[in-house]
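Beneath this line is the structure, given in structure tokens, with notes to follow.
Read-outs: derived from the displayed coordinates by stated rules, not from any lab. Computed from a predicted structure; not experimentally measured. Don't worry about glycine lacking a Cβ; one is built from the backbone with ideal geometry, like all the others, and counts go over all protein chains shown.
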Amino acid sequence: MCRSPFGGEACVEDIDEIVREFLVESHENLDQLDRDLVALEETPGARDLLSSVFRTIHTIKGTSGFLAFGNLERLTHVGENLLVELRDGKRSMDHATTDVLLRMVDTVRALLAVIERDGTEGGVDVDSAIAAIVAVQEGKTAEVPHPREVPAAEVAPQPPVAWASEPVAAPVAVPVAVPVVESPAEPEPAPAAPAVPEAKPKAKTPRAKIAKRTAPPVSATVETLAAAPPVPATPAPAPQAPAPQAPAPAPAAHVQEDADAALHAAAQQALATAAAAALEPVAEYVPVKELSTAPLEEVGQLRTAAESSIRVDVDLLDQLMRQVGELVLARNRLSRLAGAAQDADLARSAQQINLIATELQDGVMRTRMQPIEHVWSKMPRVVRDLASACGREVRLELTGGDTELDRGLLEAVKDPLTHLVRNAVDHGIESPADRVAKGKSSQGLLELRASHAGGQVVVEVRDDGAGIDPAKVAAKAVSKGLRTAEQVAAMSTGDLLNLLFLPGFSTAEAVTNVSGRGVGMDVVRTRVEAIGGTVDVESTIGVGTVWRLRIPLTLAILPALTVEVDGDVYAVPQVHVLELVALDSARSESAIEYVQTAPVYRLRGELLQLVSLAEVLGLGRGQALENADGVIVVVGADDNRFGLLVDRVLTTEEIVVTPLATQLKSIGIYSGTTVLGDGGVALILDIQAVARRTLLEVERGQSGSLLSAAQAAASDQVEAAQLLVAEIGDDRRVAMPLASVARLEHVRSDEVEMVGGREVIQYRGTILPLARLDRLLGARAEATDEMLLVVYTRGERSVGLVVEEIVDIVEDQVDHHSEIDDRGLIGSTVINGRVTELLDVRAAVLAADDQFYEDEIDEREVA
């Protein structure tokens, strides 16, 4: 059966579609309502906010009435009456008014959820919300579900104002009243008909579709027009036409005739009332032009916005993403075949397909992106309610709401962010009295920031509260038996703060309905890490706390480093890879040390804990690390940095993430599987899980505290500098400091472009200037199809130094070298039995980008 008030066998599918669209738009409007009402409480005189709230409620009321959702219409009608008093200046927006309006929004949201689930309005208490609104209108104290402890500040009442330009403020007959007075003999009341849709400019799609298909019964039309409020200067309301008790469905051929007759009769009544009102003096003259054109302009703008976007089923986007994933796999396979075939035509075709596939992948991924504002839209309401319940005064600032994130990750991060916000209000920000006693403002500041950084989205939750005392955290951890006194004594401040993420840990003195049960932060970290993200915390006593989440842009397609262990291939997400260190048996014997049972590698003056991937995987190879050959993949997980020892590094490529089979999930160190470009299958390592499994074992043993002490001592020692040795042509070798090298890249020679007489390439979405060391130092290098770049990075700027071949990474006492007077060089030294020139990196970089060190010059000028 149809849920609409009109009949017809073909209407069921149409009305179901209208109901679905009504539910989608209403949910979006309710999220906006939460923000607008909280903002309106802070700035009661903001007419644009009040207009937005009024239009939204008016739209929901009108459409729900048409679709025969009586309880929803009744609730929103009472709420609209209260908004009319606010709009007309009869009352001001105070705390109690905001409470009942927010309660109305919650009830509307509950009704929509029931309608979406069951198709009816049953089971939702509407009467209590209506009674609360009526009580506020009558000046009584409304009973609200959550009593507030902090009263809202008194707001001076605003004088009554006439919003002539607001379409919803004008009754149906007003746009016609003045013309009738000027030309009373005009017999045709047709101009009154367009006023009905103009009074609801936000009811875009449902109303438009319904009007095109058919019209409601005569009784519904007459009641709608007759119930319109009269002109304020006229005391007598327009008479209502009697409605039949049970109107029978009219045949489709006669519906429009009946509707026209009803409109004609109702319009005649409205015109007569308006004509009588025109003879009375009015408080303020409203020009006809202002009333008639402003709504049309607004409707036109809404129509333009609607035509510029469409709704797409999420399942369709997911299917497109899967197809793009298959295309990426085929592209990777084709690229490998083209590289092995040594066919120039095939290589060019593969490169073109690679470009098209990459652009298509970016386009499809953008369709799944949504601004993080969708998550933040609920935060003003959460902060307001929680601040009132906890007796806090909090000002919320949102920055970077347009930062986009994959919709799946956006949904996954909602609960962790909400918990961090609640934690900041309850634990972080002090009470107004405590803040004033400390010399702070009584109102605390809570900031939410979002930005892109390094292929990730960084979200920060900042407060200017009391901060977290590491000593208190350490004492709590010891008292709960989570750590020993010896372990916490050897921990740094950051390590102590990370104890907050342990299961069962809480610093709250008492359990409340907000916090204190010790399950919050553990869940936050678990959920963030489940989507490949990280979370850390920084805090200063008396200044405040920062919770920082790093979330990947998407989990569908990821850049990864493929490595080999015992003949099997594994993928390491590149977001965790910091650098690679080559290791041979001769070097490992001198470079790998042990602190108790924990192996470490001395890397540029710091002790890097080593983890054998073979041992983690349980391969039982049993090879001693000090005699090992292979590569150390330096990875970062949370605040931990360690070296993952593998047999060899294969390549880097974009991989399509496939969920793990049920049998592999229990292992706990894999995050997915993928098909590589050569057709082989690889398991994707979960670096956070590897870190937890291996580093936690060390931390629990005696070697944990000894390792921390050894790392602190190593940072104070001076070590020989590490140099990157490269050939540049004519059998000449140069060495350059490794510390500033960001990465090594292979690029095709035909990708080089000229800009302002200098060579550049497009690199990771930016323009990378190039400096050819062979030309700079007077050597001759052979022309090849590929170039090897040593990328130097400083802040936001990068430069690529072109070399012929990477020879080695060595350690050298750079103070024992002979100085030479040559452009581009600072001296020479003997490395592995050969004279090697020491590159003047600054001169080489400036040859490619003369603005590279501009910030350094500015600092000197300021000094």
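At a glance:
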{"read-out": "Spacing of the two label points (7 Å from each Cα toward its C-beta) at residue 758 and residue 362, in nm", "value": "2.3 nm"}
{"read-out": "Whole-Å distance, taken between Cα centres, linking the stretch 381-439 and the stretch 314-373", "value": "40 Å"}
{"read-out": "Potential lengthening between residue 502 and residue 522 on full extension [0.36 nm per residue; Cα-Cα distance subtracted]", "value": "6.6 nm"}
{"read-out": "Among 410, 457, 474 the positive-end extreme of the charge dipole of the stretch 371-552 (Cβ point charges)", "value": "474"}
{"read-out": "Order of 547, 376 - criterion: other Cβ atoms within 10 Å of each residue's Cβ, fewest first", "value": "376, 547"}
{"read-out": "Computed E for residue 414/residue 125 - FRET, C-beta separation, R0 25 angstrom, nearest 0.05", "value": "0.40"}
{"read-out": "Calculated log₁₀ intensity ratio I(q)/I(0) where the Debye formula runs over C-alpha points of the stretch 380-427, q = 0.17, 0.32 Å⁻¹", "value": "-0.58, -1.20"}
{"read-out": "With eigenvalues of the C-alpha gyration tensor scaled by 5 and rooted, the stretch 314-367, Å", "value": "26, 10, 5"}
{"read-out": "Estimated FRET transfer efficiency when R0 is 56 angstrom, pair residue 681-residue 395 (beta carbons, to 0.05)", "value": "0.60"}
{"read-out": "Relative exposure of 752, 100, judged by other C-beta atoms within 10 Å (fewest first)", "value": "752, 100"}
{"read-out": "Cut-off under 5 Å, modelled amide H: who pairs with residue 838 long-range", "value": "735, 826, 827, 828, 829"}
{"read-out": "Length gained when the stretch residue 114-residue 569 is fully extended (0.36 nm per residue, less Cα-Cα span)", "value": "158.8 nm"}
{"read-out": "Using θ = phi - 60° and Karplus 6.51 cos²θ - 1.76 cosθ + 1.60, couplings along the stretch 765-782 (whole Hz; Gly, Pro as x)", "value": "x, 10, 9, 9, x, 10, 10, 7, 5, 5, 6, 5, 9, x, 9, 10, 10, 6"}
{"read-out": "Separation in nanometres of the label points that stand 7 Å from Cα toward Cβ, at residue 314 and residue 28", "value": "1.5 nm"}
{"read-out": "Likely footprinting exposure, 451, 666, 388, fewest C-beta neighbours within 10 Å first", "value": "666, 451, 388"}
{"read-out": "Förster-model FRET efficiency, 56 Å R0, residue 39 and residue 775, C-beta, rounded to 0.05", "value": "0.40"}
{"read-out": "Separation in nanometres of the label points that stand 7 Å from Cα toward Cβ, at residue 832 and residue 323", "value": "5.1 nm"}
{"read-out": "Karplus-derived 3J(HN,Hα), 6.51/-1.76/1.60, for each residue of the stretch 363-373, Hz, glycine and proline x", "value": "x, 5, 5, 5, 5, 8, 7, 9, x, 5, 4"}
